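Take a look at the structure below.
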Amino acid sequence: MTTFLILTGVLLLLAILFMLFRTQVLINVLKGSYNQRVDKSNKVHGYLFVAFMFFIFLGMFGYHQVAKKYYLPESASIHGVETDNLFWISMGIILVAFIFTNVLLFIFPLKYHYREDRKAYFYPDNHTLERVWTIIPAIVLVVLLFSGLKIWTSITQEAPVNSNIVEVLGKQFAWQVRYPGSDGKLGQQSFKRIDAINEFGIKVEDKNSHDDFIPRELHFQKGTPVLLKIRARDVLHSVFLPHFRVKMDAVPGMPTSFWFTPTISTAEMREKTGNAEFNYELACTEVCGRGHFAMRFIVVVDEPEEYVKWLASQKSWKSQNEDYFAESMKKYSPSAKSEITNQNKELSSL
Amino acid sequence: MATVDLQIHSHEVHAHDHHEHHEQSFIRKYIFSEDHKIIAKQFLISGMFWAILGGGMSMLFRLQLGFPDANLDWLKPLLGEWIENGKMNPEFYLALVTMHGTIMVFFVLTAGLSGTFSNFLIPLQIGARDMASGFLNMLSYWFFFASSVIMFVSIFIETGPASGGWVIYPPLSALPQAMSGSGLGMTLWLCSMSLFIVSSLLGSINYITTVINLRTKGMSFLRLPLTIWAFLITAIIGVLSFPVLFSAALLLIFDRSFGTSFYLSEIYIAGEALHNVGGSPVLFQHLFWFLGHPEVYIVLLPALGITSEIIATNSRKPIFGYKAMIGSILGIAFLSFIVWAHHMFVTGMNPFLGSIFMLLTLVIAVPSAVKAFNYIATLWRGNIVFTPAMLFSIGLVSYFISGGLTGLILGNAALDIQLHDTYFVVAHFHLVMGTASFFGMVAGIYHWFPKMFGRMMDARLGYIHFWFTFIGAYLVFFPMHYIGIAGFPRRYYSHTGFDAFSTFTDLNQFISVAAFLTFAVQFLFLFNFIYSIFKGRKASSNPWYSNTLEWTTPVNPGHGNWPGEVPTVYRWPYDYSKVGADDDFIPQNVPLSATLSSNLEHEKDLQKVEQIDISSPNAQ
Ligand code: HEM
Ligand SMILES: [Cu+2]
Ligand SMILES: [Cu+2]
């Protein structure tokens, strides 16, 4: 019943609108406004453009003031401070261009709307003017380019030798992280070894893997560079650490990396933001399927002492999966392997 | 001289041909037509159909983004199983986003825009009886039609249409295990797009040939309207880049169906390690964006060409810097092929490559800036008539600037690290490519409707349509910058799972409401369009007092376009408000000898040559 009522209501409304439209057309035919070159509204558009100009400028700045509090807090990494600066400087520059061009674009329609008694100014070109407005943007661009290049090169150079190493693995639909343990070396892995327990496909026979550990949170040490070694095991994912201004795709079959230096501990950030519940987060920014929007992983930045303590408290993956480890060892350890190859050799020599 | 003469003769032969069998059957005339005007209308109507569908999809996902907690059971009659317990299925969300992107970019703004206006305007504006090959032209539409049918069918299959984003990055798009849309839906997507590419190539080759070979007497390249320049260059870009997408798709088909490993390597999925090794997903991205970036200019350049024409006509002024405009089109076209990897700064590509692509990307901003300035200079001291087409053209320039400027930020690799794949990008490309091109298309429809259908669209409805759309689209896409600066990733079903992204709920609602209203206003346009086809006021043959050749045809140009001879061209298309002229426009087919009082210095010499030309026995 209600649907029926709504439907008739809508139909009625449409019918009324249509009648209005028809009468409007007829009135204009009677008034003869179709015979004129422009109708009365022609001037109105000029005013509307200028009104719109104020509306968009005010809206833009006004809302920026409101929105600021929702922006990400200050960058928690060294390079992030630089890119943020460059971002706001670039914003400033394009804002100037934006205002300059839009003011002209919206004022001209008001100033030069059609008048019967006037003729437009035949002005096909002016090479000086054109040269000027080719060269000015070019100069601005060169400045932006070089400041960008400088930062880009420093961000993408080799990681410092003292970096902490962490492996980040993307899968549908969760992140996993692996630390190298006290030897500072990640054990080798192969996608063929992956199973429900061995999510990384760790090669147990590689001694470096024996002290690797797989925590539930990502921990960074404040003030020390950290090198993320990024992998994906099924489809593309992308490591996004918004507060650190870090992003790098995770690509199956092609390890990638990103290094940066965290500068603000979680505790400090809680204080700065006044939010006792604040946590750094890791998100995925390359569409990877159904759960793409839910690949959240908690990140903690520790003061150096806390970090050391945290490291010490972690148990190696091996120690948590003794049975599985022993089993795999039997299958893959060099001695086991050589036995198998020996058997093969015997077989083939028969 | 000789070649030109030959052409004119062949035109005449053509025209006679047609006179002999002019009672064509309905099917040959309106369905399997070889007339460029009918084909243009076919592309237009198909494009509008797709625009409604693609736009409608964005309404559905805006509903989800703006009101993530709403109960959507009322959509069950439409979406069926995709609504589960009052919630939209997250994979279906991705399917909608993917289809929306594909439809808008390819079906609406490539086929719908180039297909309509290149077909309609090239012969009319260069003074040709039809396209170089009417048959290939017809094939081009019907390949597009077949492609459309397949894409349309894919929306309704049980496992859903392709869902990995319009860029269909493998391995996600290669592995049916990864998401249900990568099964049959993806297969259909690839089939459909392959046909689409064939259609696009057939069309483009025809446009290029026609512009080069069939220009009427006197129509030198430097007398072509900027529309034609834009269509020509767009077609060339298409011919050079679409084949690359085709090969990318072909290799993907091999990977999907024949066990090859072009894009796949070391994958463990759904409890099983795949055999593929040695492929590279990044290879696909290079191939895809080798088309993908030129594609944004394929979408944009025709819109810019259309606007150039409309702004000049309605400012009653020559377009400012005609040659600079051509130069910048050429510059943009060339550069568009060497900037593709700016979409890949954070894919693990060599950082040095990143630097190079950043340099090239920022260079492309220069010709774009020149274009914007030239439009503004054209308005300066004009005598501006605000037809709906003119309003939309000014709107286009505004969007082109607003969206283009943020390109300077995204093209900067260091800044793109943070902004890549966030809503900042969504804001950027919707302004500069989506809305700007859409405005160009709408402007073109308002402007050439009288020539297409012999009637006028209602201007007042046009004004309302413009103001609501202009303001509305800004309200929809501008706020996305703020959301992007706050880091919100795109292609997210919901942002509330993260502390960092659970803000801005009110703004997201606002955007959604603005989008619904803006979308609704488009139906006003649709009404105006359909109503005016049948009931609009009768048009005169040159309602905008324009210079280009299409306005020298009868109100309803028949097959062959001009009943008599094809007019000869004596001047460039922008002689508006010339000092000393009687009227404020001088059509291209008016000889210089007829406008002695307004001729400029260099034209006086030309005029002498022209007279010799006319009096020579060869000329006719
Ligand atoms: C009707 C007005 C439109 C609205 C409200 C709208 C809204 C959106 C939104 C919110 C997204 C991002 C969704 C997400 O990332 O989760 C999106 C994606 C996209 N839109 Fe639109 N859009 C509109 C019109 C257009 C037009 C005219 C184009 C033509 C270029 C376009 C092209 C795209 C593309 C290419 C994507 C990316 C799809 C992907 O991520 O694979 N849209 N749209
Ligand atoms: Cu993801
Ligand atoms: Cu691009």
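The values are calculated or read from the model by the stated rules, or taken from the named source; none is laboratory data. Just so you know, these numbers come straight off a predicted model, no measurement behind them. Every residue, glycine among them, receives a Cβ derived from its backbone with ideal geometry; neighbour counts consider all protein chains shown. Areas reflect the complete protein model, heavy atoms only, side chains present, ligands, DNA and RNA absent. Shrake-Rupley method; radii C 1.70, N 1.55, O 1.52, S 1.80 Å.
Miscellaneous remarks
- Only DSSP H runs of four or more residues enter the estimate; each adds -39500 (n - 2.57), and after division by the residues of chain A the mean residue ellipticity at 222 nm equals -16500 deg cm²/dmol.
- GluC sites (Glu not before Pro), loop per DSSP, at most 11 other Cβ atoms within 10 Å - longest free stretch of chain A: A:159-276
- Helix B:505-535 and the long axis of chain B differ in direction by around 40°, with both axes built from C-alpha atoms.
- Reachable aspartates and glutamates from A:LYS330, criterion Cα separation under 17 angstrom, eight or more residues apart if same chain: A:ASP195, A:GLU205, A:ASP206, A:GLU322, A:GLU339
- With R₀ set to 30 Å, the beta-carbon distance separating A:LYS315 from B:HIS275 gives a calculated FRET efficiency near 0.30.
- Accessible surface, 1.4 Å probe, highest first, among residues B:ILE157, A:ILE202: B:ILE157, A:ILE202
- Counting, for every residue in A:129-139, the Cβ atoms of other protein chains within 10 Å of its Cβ and taking the mean gives 5.
- Exposure of A:THR128 as accessible area (Å², to 10), given a probe of 1.4 Å and all protein chains: 90 Å²
- Low-density loop cleavage sites - chymotrypsin sites (Phe, Trp or Tyr not before Pro) in the range B:254-299, where at most 10 other Cβ are within 10 Å (DSSP): B:PHE258
- Burial here means at least 30 square angstrom less accessible surface with every protein chain in place than with the chain by itself, probed at 1.4 Å; in the range A:262-310 the buried residues are A:GLU281, A:ALA283, A:THR285, A:GLU286, A:VAL287, A:GLY289, A:ARG290, A:HIS292, A:PHE293, A:ARG296.
- Shape call, the range A:164-330: gyration tensor on alpha carbons, a/c limit 1.5: oblate
- When chains A and B come together, the accessible area they lose, probed at 1.4 Å and totalled over both chains, is close to 10500 Å².
- The translational diffusion coefficient of chain A, from Stokes-Einstein at 4 °C and 1.567 mPa s with a Kirkwood hydrodynamic radius over alpha carbon pairs, comes to 48 µm²/s.
- When the Cα positions of A:ASN126, B:ILE485, B:MET457 are compared along the charge dipole of the protein assembly as shown, B:MET457 comes out farthest toward the positive end, with charges on each C-beta of Lys, Arg, Asp and Glu.
- Of all stretches in chain B that contain no GluC sites (Glu not before Pro) in a DSSP loop with at most 15 other Cβ atoms within 10 Å, the longest one is B:159-564.
- Fraction of beta bridges assigned by DSSP in the range A:164-330 that are antiparallel (%, nearest 5): 65 percent
- Rounded to 10°, Cα long-axis angle of helix B:2-20 versus longest principal axis of chain B: 80 degrees
- Other residues whose C-beta falls under 15 angstrom from the C-beta of B:TYR482 contribute a net charge of +2, scoring Lys and Arg +1 and Asp and Glu -1.
- Residues along the range B:376-395 losing 20 Å² or more of accessible surface when the other protein chains are present rather than the chain by itself (probe 1.4 Å): B:ILE376, B:LEU379, B:TRP380, B:ARG381, B:GLY382, B:ASN383, B:ILE384, B:VAL385, B:PHE386, B:ILE394
- Set A:LYS43/B:LYS371; A:LYS222/A:LYS247; B:LYS29/B:LYS451; B:LYS41/B:LYS451; A:LYS203/A:LYS331; B:LYS317/B:LYS608 screened for pairs whose C-alpha atoms are more than 22 Å apart: A:LYS43/B:LYS371; B:LYS317/B:LYS608
- The residues of the range A:17-128 expose on average 56 square angstrom of accessible surface per residue, using a 1.4 Å probe on protein heavy atoms.
- Contact residues in the range B:339-363 (at least 20 Å² less accessible area with all protein chains than alone, 1.4 Å probe): B:PHE345, B:VAL346, B:THR347, B:GLY348, B:PRO351, B:SER355, B:MET358, B:LEU359, B:LEU362.
- Alpha carbon centroid spacing (whole Å) that separates the range B:410-433 from the range B:546-567: 45 Å
- Whole-number accessible area per residue in Å² for the range A:164-330, which is evaluated in the context of all protein chains at 1.4 Å: 38 Å²
- Cα shape, the protein assembly as shown, gyration tensor, a/c 1.5 rule: prolate
- Heavy-atom accessible surface of chain B: percent carbon and sulfur, 1.4 Å: 69 percent
- Taking the 1.4 Å solvent-accessible surface of the range A:164-330 as the whole, the part contributed by carbon and sulfur is 49%.
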